[in-house]
Amino acid sequence: CLDQEGKVHEFDSSWRTEDCNDCSCSKTGIGCCTSYMRPVNYDEEKCESIFNKETCSYKVVEKDDHSKECPVHSWVG
């Protein structure tokens, strides 16, 4: 399989891309999906979500104080 970056991958292999997608190669082609969950049910007026590309995860914190995490009631991915 040839990915979007021009790298060749063997059949039945899998990898994680720089933008946090999990991909796999089979004889029918490449399939990719996000490797992380996205917060969707939290206080968006008081809080904001921040994506950490190194850990491929979101953190939801208060806009005025990033040291305080906010509760998240639903995640999608």
Select from segment 1-40 the residues that are in contact with a Leu (Cβ under 9 Å, 6 or more places away or on another chain) and either among the acidic types (D, E) or open to solvent by 60 Å² or more (accessible area, probe 1.4 Å) (or both) and write down the one among them that is farthest from V76 (Cα to Cα). V8
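Against the condition polar (S, T, N, Q), modelled with pLDDT of 95 or more and outside the structural domain of G6 (by the TED database), how does S49 come out, does it pass? Full working, then the answer.
On the way: polar (S, T, N, Q): yes; modelled with pLDDT of 95 or more: yes; outside the structural domain of G6 (by the TED database): yes.
So S49 fits the description; yes.
The values are calculated or read from the model by the stated rules, or taken from the named source; none is laboratory data. On a predicted model such as this, the values are computed, not experimentally measured, just so you know. FYI the Cβ positions are ideal-geometry reconstructions off the backbone, even for glycines, and counts take in every protein chain you see. Surface accessibility is based on the protein's heavy atoms, side chains included, excluding ligands, DNA and RNA. Shrake-Rupley method; radii C 1.70, N 1.55, O 1.52, S 1.80 Å.
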